[in-house]
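Presented below is the structure to which this report refers.
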Amino acid sequence: QSFSQNKDFVVLHEPSIKPFDKVEFPDLTKDWFKTPLSEASFQEVTDRILHQDKPVYVKDMIFSSYDWITQTPEIWSNPNCKFVLVLRNPYDTLLSFYRKDPARNSYLIPQSYRQMLNFLCFLRKNVPRERYRVVLTENVFAQPESQLKELYDQFQISFDPCVLSWPDRGNKFD
């Protein structure tokens, strides 16, 4: 949410979900909210990310983006692409997924944490340290300003206090 308040960015919200769904789980996210990239292919999403006139922040789910990013050197080798791995307490994640769909989504949680670790290992091996950061949600909630300033400083982004607040969207976006 912080990046969406910064008008210096183009924000793409979960662009890999639909291409992933088309291949893996056509029914999984059919009822989730839609974005302009909802029907795009992985190549179309890649092109959209790489051909912007200002920085792009992609907020995505590791289960749908892991293979795509690790198999797309145009993204991970691009010096303009930075990566923020947001780690959330697994219990909070479980509750959030359960609220969205009690019957289907909980199996993704262990898979997602394994993929997040694998992705971190991939980044450590292939991407300079200044281009990625691990952020714990608990730290952001406890110290939002200092945590976000550190993140913005690392990526050489000007910090604007407007990024510290955003509209409440209810528990649908929990």
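Every number here is computed from the coordinates shown, using simple stated rules; none is lab data. In this text the structure is predicted, and so the values were computed from the model without any measurement. Every residue, glycine among them, receives a Cβ derived from its backbone with ideal geometry; neighbour counts consider all protein chains shown.
Here the label points at Ser165 and Asn78, each 7 Å from Cα along the C-beta direction, are separated by 3.4 nm in the simple model.
In terms of distances greater than 23 angstrom between alpha carbons, the cross-link table entries Lys18/Lys149; Lys59/Lys149; Lys18/Lys125 yield Lys18/Lys149; Lys18/Lys125.
Here each label is just a point 7 Å from Cα along the line to Cβ, and for Ala142 and Lys54 those points are 3.4 nm apart.
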